[in-house]
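Right, one structure below, let's go through it.
Here, each number is a calculation from the coordinates, and none is a lab measurement. A quick note: this is a predicted structure, and the numbers were derived from the prediction, not measured. Cβ coordinates were reconstructed from backbone atoms using ideal geometry, including for glycine residues, and neighbour counts include every protein chain displayed.
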Amino acid sequence: MTAIPAAEWREHLDTMITGLRDTGALTDPRWIEAFRAVPRHVFTPHLRDSEGRDIDVAEARQAWLRRVYQDDSLITAVTHEPGLGTDVPTSSSTRPGLMARMLELLQLREGMRVLEIGTGTGYNAGLLTHRLGACHVTSIDIDPTLIEDARCRLHSLNLAPHLLVGDGLAGVPDHAPFDRIIATCAVPGIPLAWITQLAPGGAMLVNLRGEIACGTLCLLSKDATGDDEVIGPFLGIAGHFMWARHDPARALPYGIQSTSERDQTRTTTDPGTVATIAHDVANPDFRFLVQLHIRGIRTLAAPPGQPVPTTIHAAATDGSWATAHIATGKVAQGGTRRLWDNLCAAHTLWCALGQPPPTRFGVVATPTAQFAYLDHDRNWTRWPLPLL
Ligand SMILES: C[S@@+](CC[C@H](N)C(=O)[O-])C[C@H]1O[C@@H](n2cnc3c(N)ncnc32)[C@H](O)[C@@H]1O
């Protein structure tokens, strides 16, 4: 892309920065300066509209610039996911307001070494490099074409952090240890390499999530003794990053299994219970607990196309599923787990615990055991997380 004259984009950038300051996302003068010096449009020449079509920059440059400088995430790559039969986003430029909050949460000081997992467009790597200097920033992406593009864009602004192609779940041992790790792709547990490659006293900001709830950014720190343990709270900041995956050609890190007719059971339950759970399935606090409680759950909702929901449907990546009819209490379940029974247990627990929001939860992660806890890491109300 040929350089766009500053006169055309400067006002859009200033408006975006004013907006981020007004919402409180951007407060630190050093980050404000970085957002001024690293224009977002340089990193987002290839956008797609909601139907997945390329947006032609040359045709509608002012409209495109307005879009780039909104506080929105911008999809920049999609991959066809056979398990879902649809295209799934595989890279984006994160919403600037979220990026600003995350960068400020890192509490960077001069001289710190940072690892970013998920280079994507290179925009965040550019902001970090402007702030810390190239030799303090390492960024890795699994998709080689993204790294190539990011390198060119960063170069055009005289920014040259260490960029690598690879599976960021293994970290970057050659450049470790890192004082900070920021992951801009989501994980279901904390990868072992991130724990061991974090310097004593370091911190990592991670989107630890499942499929049915967001708001799960986690700020985990390692104490100064350097033991391989990180601990910290869920922040309750809405962040729903794309999954970290092992294969650049796939969008999801897992396959979705199907079940056979033989696995099915049909029962009837108290319609009042179904109605109570139906009332709470949209509650983000309930969904957060369900996500911890039922490993691999990927759907929890009324099936689409019901003007007034008449059933609750749940499904998990292992192919287990359940449908409960709100008026009659009829329940059908299939697969290796009985998801309806699991859902009822999660609801009973959530009520017994006082309907806690995500901010009452935290995470402890070591190389051999990881769990989410309620209120305190010594509390035995805890949920195991997968070891990666
Ligand atoms: C939301 S985008 C990152 C946005 C980016 N930080 C920016 O400023 O544009 C998520 C990125 O994570 C990358 N990714 C997914 N799995 C990965 C993995 N295992 N290792 C490294 N990068 C990965 C994707 O290719 C994608 O570019």
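Things worth noting here:
- When the Cα gyration tensor is reduced to axis lengths a ≥ b ≥ c, the ratio a/c stays below 1.5 for segment 261-352, which is therefore classed as rounded.
- Residues TYR373, TYR123, TYR69, TYR254, ranked from the fewest to the most other C-beta atoms within 10 Å, line up as TYR254, TYR373, TYR69, TYR123.
- Close amide H pairs (under 5 Å, H built 1.01 Å from N) link GLU81 with THR86, ASP87, VAL88, residues at least 5 positions away or on another chain.
- The local environment of ARG360, defined by Cβ-Cβ distances under 10 Å, has a net charge of -2 under the rule Lys, Arg +1 and Asp, Glu -1.
- For segment 240-388, a simple Cβ point-charge model (Lys and Arg +1, Asp and Glu -1, everything else neutral) yields a dipole of about 180 debye relative to the Cα centre.
- Amide proton proximity set for GLN370, modelled H, under 5 Å, gap of 5+: LEU385
- Sequentially through segment 337-343, phi angles give Karplus couplings (6.51, -1.76, 1.60; θ = phi - 60°) of 10, 9, 5, 5, 4, 4, 5 Hz, Gly and Pro residues having no value and appearing as x.
- For segment 110-165, the gyration tensor built on C-alpha atoms gives an oblate shape. Its axis ratio a/c (a ≥ b ≥ c) is at least 1.5, and a/b is not larger than b/c.
- In degrees, nearest ten, helix 144-156 long axis to first principal axis of the chain (Cα): 30 degrees
- With neighbour counts taken as other beta-carbon atoms within 10 Å, the residues THR119, THR323 rank, fewest first, as THR323, THR119.
- Each of PHE371, PHE178, PHE288 was scored by other Cβ atoms within 10 Å of its Cβ. Arranged with the fewest first, they read PHE371, PHE178, PHE288.
- Cα convex hull volume per residue for the chain (Å³): 151 Å³
- Prolate/oblate/rounded call for segment 77-233, Cα gyration tensor, a/c under 1.5 rounded: oblate
- Close amide H contacts of THR216 (hydrogens built in the peptide plane, cut-off under 5 Å, sequence separation of 5 or more or a different chain): GLY239.
- Helix 123-132 and the longest principal axis of the Cα set of the chain meet at an angle near 60°.
- Low-density loop positions, GluC sites (Glu not before Pro), segment 56-160 - DSSP coil, at most 14 other Cβ in 10 Å: GLU59, GLU110
- Considering only LEU339, LEU146, LEU385, the residue lying farthest towards the positive end of the dipole of the chain is LEU339, judged by Cα position with unit charges set on Cβ.
- Remark: segment 229-244, residue by residue, has Karplus-estimated 3J(HN,Hα) of 9, 10, 8, x, x, 6, 8, x, 9, 5, x, 10, 6, 5, 5, 5 Hz, where x stands for each Gly or Pro and the curve is 6.51 cos²θ - 1.76 cosθ + 1.60 at θ = phi - 60°.
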